[in-house]
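One structure is given here, and the rest of the page talks about it.
Values quoted throughout were computed directly from the atomic coordinates according to the rules given, and no laboratory measurement underlies them. What you are looking at is a predicted structure, and each value in this text was computed from that prediction instead of being measured. Every residue, glycine as well, gets a Cβ built from its backbone with ideal geometry; the counts of neighbours run over all protein chains shown.
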Amino acid sequence: MSRKSLRWLLPAAALPILALLAYGFRVNHRDIPSPLVNRPAAPFVLTSYAGEPMSLEANKGRVVVVNFWASWCMPACYEEAPVLERNWRTYKDKGVVVLGVNIQDKPEAARKFIDQFSLTFPNALDPAGKVSIDYGVYGVPETFFIDARGRIRAKHAGAVTDTVFQREVDRLLAEPR
Amino acid sequence: MIRALSLLLLLLVATPAAAQPPATNVEDPRLYEVASQLRCVVCQNLSVADSPSEMAQQMRALVRERLRAGDTPEQVLQYFVDKYGEWILLAPRRRGFNWLVWSAPFVSTVIGLIVIAFTIRRWTAQRRKRLAGIATAPPAVDPAMRERIRREMELENER
């Protein structure tokens, strides 16, 4: 190996590493891609805190917003609870339903949270965490937007804002049923 | 020096022992086989078998339930991959593009050894050449310098 070829080889060897680094800087590492997007949403049947059955099946034909939350999830779940309630009230007559799935929580603490924000959309405890694992949930809060045909179309990690809620729901409502 | 060496040796011996998984979380070896390959999603570099978190507990319960229902370990792993993507596996599967990750350490070690071997060969060859040069060849003198020496010698003789 001559000195001349080495002069070229060293920068050439550094190039792929630099390219990888550049790629890593451009990727949003908090954005966790879900393999479930554009796949049918897993069915579930839970009992809501109001004592009613809460299932995905019963809401076929509607745009469903499934929100995973916990009362200990501070501050994100506390930030988004009023947003979810407000948008649920606006959209419930337009064929949209919000379902809250309470995970890794104690029922008393969860009930207090529901009272604190006067949540009127159904919320249910996921006792063994099966629904959350079925939806590939990493942490709370996470929100899934499911179209009228029962497919997951978007996943949002972190507190839902009015903008995110309305953008995703409007998009799904605009689609032909 | 000996004390430092023995300390180093102790560290090397002690590390694998300390890295053994805690036996408390998982009792069933089949459950451990699956759970140890799954990443605890709420932890940093911990497997579902090793994490005491509630999420990991729920995942272990699900693994146990699926194994009892007759699923093979591979089927249970595939269930988690379907839900979370391959990210959920602590070690990437040995196929396709992932081979790059598996082979990179070995390939780069071999390339490194080849570079080192070539460099050493070049160094020793250069050194041998230099030593041989000193022993045999007369020192190279610039023709202009030789001419100058000749002239000065002549001048000296004329005096």
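Quick notes
- Along its first, second and third principal axes, ordered by size, the protein assembly as shown spans 127, 51, 36 Å in Cα coordinates.
- Alpha carbon convex hull of region B:100-158, volume per residue in cubic angstrom: 101
- Antiparallel bridge percentage (DSSP; both residues within chain A; nearest 5): 60
- Pairwise FRET efficiency - A:LEU173 versus B:TRP87, Cβ, R0 = 30 Å, nearest 0.05: 0.40
- Calculated translational diffusion coefficient of region A:45-174 (37 °C, 0.692 mPa s; Stokes-Einstein with Kirkwood radius over alpha-carbon pairs) equals 228 µm²/s.
- For the cross-link pairs A:LYS94/B:LYS83; A:LYS60/A:LYS112; A:LYS60/A:LYS92, the ones whose C-alpha atoms lie over 26 Å apart are A:LYS94/B:LYS83; A:LYS60/A:LYS112.
- Taking the C-alpha atoms of region B:25-98, convex hull volume expressed per residue in Å³: 86
- Excluding same-chain neighbours fewer than eight residues apart, the aspartates and glutamates reachable from A:LYS106 by a Cα-Cα span under 19 Å are A:GLU52, A:ASP115, A:ASP126, A:GLU142, B:GLU54.
- A straight line joining the Cα centroids of region A:109-177 and region B:59-92 runs 24 Å.
- Taking A:LEU10, B:LEU38 and counting other C-beta atoms within 10 Å, the order from fewest to most: A:LEU10, B:LEU38
- Comparing A:ALA13, A:ALA148, A:ALA76 in a Gaussian network model of chain A, where Cα atoms under 10 Å apart are tied by springs, the biggest mean-square fluctuation is seen for A:ALA13.
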